[in-house]
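J.: Sharing a structure with you now.
Derivation of every value follows stated rules applied to the coordinates shown; laboratory data play no part. In this text, all values refer to a predicted model and were calculated from it rather than measured experimentally. Please note: Cβ atoms are built from the backbone with ideal geometry, for glycine as well, and neighbour counts cover all protein chains shown.
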Amino acid sequence: MYENPLNNFIDLFCLEAYCGYAGHLKINCSKFSTNFDLIINGNQKPEWRLETESAAWRLQHNGVFMTGSYEDEEHNDEYLAFLVGKKITQIVHIIGIDYSVVFDDGYQIDIFNQGIDFPAFKVYDSNKEKHLLISQDGTWLPYVAEEFTTQEEMMSLHSEQAHERWENIVPQESFDNHCRNCAYFLSITGRFYFWDYGLCSNHLSLYDGKVVGVKSSCENYSLDLNLDE
């Protein structure tokens, strides 16, 4: 049996929070407060990640609901961006395997179990390269990925081939102002590597109508739509 890994998140900073496939929430956390500090200190990725599987979740600020797992990805990512740079101050056990992740400045993520046969959420320790998931009785177990079906293997290979073509033509990754948080970023359907890409719809950008990476950026990054320009 493993000790509760959620305790490791206390006092860590959120470096990235976004909504993945089917409303899955991903929060990358580090003892460093910015991606720049993380990299200059010799780290390639944040130390810990919290990721929902079948759980529902909601984001609130000072008790006011902001967004949740049933909103579209663009809406979620717009509000999840407010968590970047915030420190986790508490992990609150609600009931069963429902938890609240409390950040400073009044932000809070509530996670609610929704399934019996599927794990609610999991954590990833990048230093040990180990996934742990929470079981229905609250114990933590090693995460073992199920084997893909033939169709899933084909989908995975297709996404990998697209990634090999696209990774060299999308805008470069940046420390901040990521495309996924831009008002003009549109998510695309698909799984696997396709989660790392989207479509630019900014008429002022050189990449308008083209594929961009979720961590790409350009000089026309904007948090608001401006249709008058």
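J.: Could you work out the relative contact order of segment 150-213, using alpha carbon pairs under 8 angstrom and six or more residues apart, expressed as a whole percent?
T.: Working: 72 pairs, mean separation 20.2, N = 64.
Relative contact order comes out at 32 percent.
J.: Counting other Cβ atoms within 10 Å of each Cβ, which trypsin sites (Lys or Arg not before Pro) in segment 137-221 have at most 16 and sit in a DSSP loop?
T.: Here the trypsin sites (Lys or Arg not before Pro) that fit, given the DSSP loop and packing criteria, are ARG191, LYS210.
J.: By how many nm would the segment from GLU152 to VAL92 grow when fully extended, if each residue of separation counts as 0.36 nm and the alpha-carbon distance is taken off?
T.: That works out to 17.9 nm of additional length.
J.: So, one more: Kindly provide the GluC sites (Glu not before Pro) of segment 1-77 that DSSP labels as loop, not H, G, I, E or B, and whose Cβ sees at most 11 other Cβ atoms within 10 Å.
T.: GLU3
J.: Label 7 Å along Cα→Cβ of ASP125; segment 8-32 residues with amide nitrogen under 12 Å?
T.: Output list for this probe position: 8-9.
J.: Please work out the FRET efficiency for the pair ARG191 and VAL144, using the Cβ-Cβ distance as r and a Förster radius of 22 Å; give the result to the nearest 0.05.
T.: 0.70
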